[in-house]
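Asker: My questions will all concern the structure given below.
The values are calculated or read from the model by the stated rules, or taken from the named source; none is laboratory data. Remember, it's a predicted structure, so these values are computed and weren't measured experimentally. Cβ atoms come from the backbone with ideal geometry, glycine included; neighbour counts cover every protein chain shown. With ligands, DNA and RNA removed, areas are computed over all heavy atoms of the protein, side chains included. Shrake-Rupley method; radii C 1.70, N 1.55, O 1.52, S 1.80 Å.
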Amino acid sequence: MAKEQSGLKERQRTNLREPRRYKVIIHNDDFTTMDFVVMILEQVFLKSEEEAHTLMLQVHHSDKAVVGIYSYDIAVSKTNKATRMAREQGYPLRLTVEPEEE
């Protein structure tokens with residue numbers, strides 16, 4: 001019995017890429033307390049007390065700081081949570097999400 005040959009060839013796609021990463025940036029303002037910023041950095045962005053304090057000072061002196069780099073969904077989720085917590089306390093804290101440079 002002869003083997004049947006098919007003219008169809010199966011292709012496999014191997015050009016998979018890592019998902020794009022996004023920076024979460026916290027911006028300075030004159031109303032949000034330093035203690036609240038440190039608390040947000042510890043509770044939402046899971047920074048150590050020392051790292052949170054260092055980032056808070058960077059924001060205070062440089063007007064903004066990158067607090068983390070995440071996938072898009074996580075970056076937006078953390079930004080929304082931190083913004084909601086700030087609004088509940090009456091603070092105008094602003095965080096933005098930007099694509100990471102490749």
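Asker: When you scan segment 49-66, do you find a residue that is in contact (Cβ under 8 Å) with a residue 40 or more places away in the chain and out of contact with any Pro (no Cβ under 9 Å at 6 or more places or on another chain), even just one?
Answerer: Yes.
Asker: Applying the selection to segment 64-79, what residues are under 17 Å from N28 (Cα atoms) and out of contact with any helix residue (DSSP H, G or I) (no Cβ under 8 Å at 6 or more places or on another chain)?
Answerer: Selection gives K64, V66, T79.
Asker: Also: Kindly indicate whether K81 is open to solvent by 40 Å² or more (accessible area, probe 1.4 Å), closer than 23 Å to E101 by Cβ, under 17 Å from the mean Cα position of the chain (by Cα) and charged (D, E, K, R).
Answerer: Answer is no for this residue.
Asker: Would you say G90 is among the small types (G, A, S) and open to solvent by 30 Å² or more (accessible area, probe 1.4 Å)?
Answerer: yes
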